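The values are calculated or read from the model by the stated rules, or taken from the named source; none is laboratory data. Predicted, not measured: the structure shown is a model, and the values here were computed from it. Positions of Cβ are generated from backbone atoms using ideal geometry, with glycine treated the same way; all protein chains shown enter the neighbour counts. All accessible areas refer to the heavy atoms of the entire protein, side chains included, with ligands and DNA or RNA removed. Shrake-Rupley method; radii C 1.70, N 1.55, O 1.52, S 1.80 Å.
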Amino acid sequence: MPTAERLGIRMGLHPDDPCLDALGGYARIFGSVADFDRAYAIYPSESNAVTFCQANFKLMGADLVETAKHFGQRIAFVHVRDVEGDKTDFTELFHDQGSTDQFALMRTYRALGLDVPVRGDHVPEMEGDRLLTADCVPGYFTLGRLFANGYLKALLKGTKQ
């Protein structure tokens, strides 16, 4: 963190994905809001920030709007995605498909005055995706990403004052 501070860099800690206690025999350390608070308490600094990956915090059981408010200016990056299920068995959804109120979250980010990158995260595969990119990594398909980008632009535009 001292190097990040000296260089004016914010380190956006990303939640464990998925937020299990262990994976493949290895302990995980960022699976709850309390884990992020502990990291900040160990080294309180503007450089010690959070990547607010909505789906991972949702799988932790966190209320997303309240958790975004809790972190506030500590949020350095927002990953927009939605899931259904629990942290041991979940399905990634299109951004407008799940139970998460994406518009409420965008309004919350605006109200917090965040000026950070906002990116659509993983997307399901759509018909024709493999015709465009046969070797695409699951979660990063072209057509799903185009849909996500348009959806995010509409959300962000809808929250401008």
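Residues that are of a type outside the set (S, T, N, Q) and within 14 Å of the chain's Cα centre (by Cα): does the range 124-135 have at least one?
For the range 124-135, residues of a type outside the set (S, T, N, Q) and within 14 Å of the chain's Cα centre (by Cα): absent.
Among the helices (runs of 4 or more DSSP H) contained in the range 100-161, which hold 2 or more residues that are under 23 Å from residue 75 (Cα atoms) and open to solvent by less than 40 Å² (accessible area, probe 1.4 Å)?
Answer list for the range 100-161: 102-111, 142-158.
Please verify whether the range 132-155 includes one or more residues that are touching a residue at least 60 places away in the same chain (Cβ under 8 Å) and under 22 Å from residue 11 (Cβ atoms).
no
Looking only at residues in the range 102-132 that are of a type in the set (D, E, K, R) and under 20 Å from residue 57 (Cβ atoms), which one is modelled with the lowest pLDDT? Spell out how you get there, then give the answer.
The initial filter retains those residues of the range 102-132 that are of a type in the set (D, E, K, R), namely 107, 110, 115, 119, 121, 125, 127, 129-130.
Those still in the list that are under 20 Å from residue 57 (Cβ atoms) too: 107, 110, 119, 121.
Numbers: 107: 96, 110: 95, 119: 91, 121: 88.
It comes out as 121.
Tally the residues that are in contact (Cβ under 8 Å) with a residue 24 or more places away in the chain and either among the aromatic types (Phe, Trp, Tyr) or not in a loop (DSSP other than H, G, I, E, B) (or both), restricting the search to the range 1-10.
Residues that pass the stated criteria total 2.
Taking the range 1-57 only, how many residues are polar (S, T, N, Q) and closer than 17 Å to residue 88 by Cβ?
2
Quick one: is residue 3 surrounded by 14 or more Cβ atoms within 10 Å (Cβ to Cβ), β-branched (Val, Ile, Thr) and out of contact with any helix residue (DSSP H, G or I) (no Cβ under 7 Å at 6 or more places or on another chain)?
no
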